[in-house]
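Contents: one structure, followed by commentary.
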Amino acid sequence: MLYYLHGYQSSPDGEKATVFKETLQAVPITYRDVSPEDLIISRCLNRISDVIQNDHDIVMIGSSLGGFLAAATALTNVNVRQLILLNPAIIPPDIDLRTIEGIPLRILQEMRDPLLFSKKIPAAITILRGTLDDVVPDEWILHFAKAQNATIQLYNDDHRFSRNLQNLPGIIKKLL
């Protein structure tokens, strides 16, 4: 089954989720029922686990925060066989969280998971990286990719993949 996890400011009804649902039959997961600034990462991960618990052949597409949630889920769920991460917001352990803007410090602290950099995720990982992304730093992507031996594909696009949104389903189909 193919699942989609949206980003911090998005929703399971957002533009990417809709495109993936219509073209790839991806199931957007509703991982929060509160405003973005009130989310609790452990609750989000529990909700994701509840949705996928009976599936034994899981592919997850995660965008930004959704990329972090997908990776964190795959770290503990051996049924996740593939991750396709779009500009994933996976914070390296040595980053000073106080320098990050746009997300409350409490959430950033909950997102810091050193295991994502020290324990191998038992899934194939492809990162789709927008070279014009001004939200997630290149160093984060490279650090995570090196730690997980992930493949990176570069695109001339922004954090939201607004230039390539309609091309993403075709790109993703080739990875499946």
Counting only heavy atoms of the protein chains, get the accessible area per residue of the chain (1.4 Å probe) and round it to a whole Å² value.
48
Considering only protein heavy atoms and a probe of 1.4 Å, how much of the accessible area of the chain is carbon and sulfur, as a whole percent?
49
Run the quick spin-label model on residue 101 and residue 35: label points 7 Å from Cα toward the beta carbon, then report their separation in nm to one decimal.
2.0
Could you compute how much accessible surface residue 13 exposes when probed at 1.4 Å, giving the result in Å² to the nearest 10?
130
With every protein chain in place, the accessible area of residue 56 for a 1.4 Å probe, in Å² rounded to the nearest 10, comes to 140
Point-to-point label distance, residue 50-residue 165, nm (Cα→Cβ direction, 7 Å offset)
3.0
About its Cα centre, what dipole magnitude does the chain give when the only charges are +1 on Lys and Arg Cβ and -1 on Asp and Glu Cβ, stated in debye to the nearest 20?
500
Accessible area in the full protein assembly, largest first, 1.4 Å probe, for 160, 98, 47, 129:
98, 160, 47, 129
Candidate lysines for bridging to residue 173, where Cα separation is under 19 Å - those fewer than 8 sequence places away on the same chain excluded
16, 21
Students often get this wrong, so try it: which of (i) 20.6; (ii) 15.9; (iii) 16.6 is Kirkwood radius over Cα pairs in Å as calculated from the structure shown?
(ii)
Residue span residue 42 to residue 27: 0.36 nm per residue of separation minus Cα-Cα distance leaves a gain in nm of 3.3 nm
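The values are calculated or read from the model by the stated rules, or taken from the named source; none is laboratory data. All values reported here derive from a predicted model rather than from experimental measurement. Methodologically, a virtual Cβ is constructed for each residue, glycine included, from the backbone with ideal geometry; neighbour enumeration extends over all protein chains shown. These area figures cover heavy atoms from the full protein model, side chains too; ligands, DNA and RNA do not enter into them. Shrake-Rupley method; radii C 1.70, N 1.55, O 1.52, S 1.80 Å.
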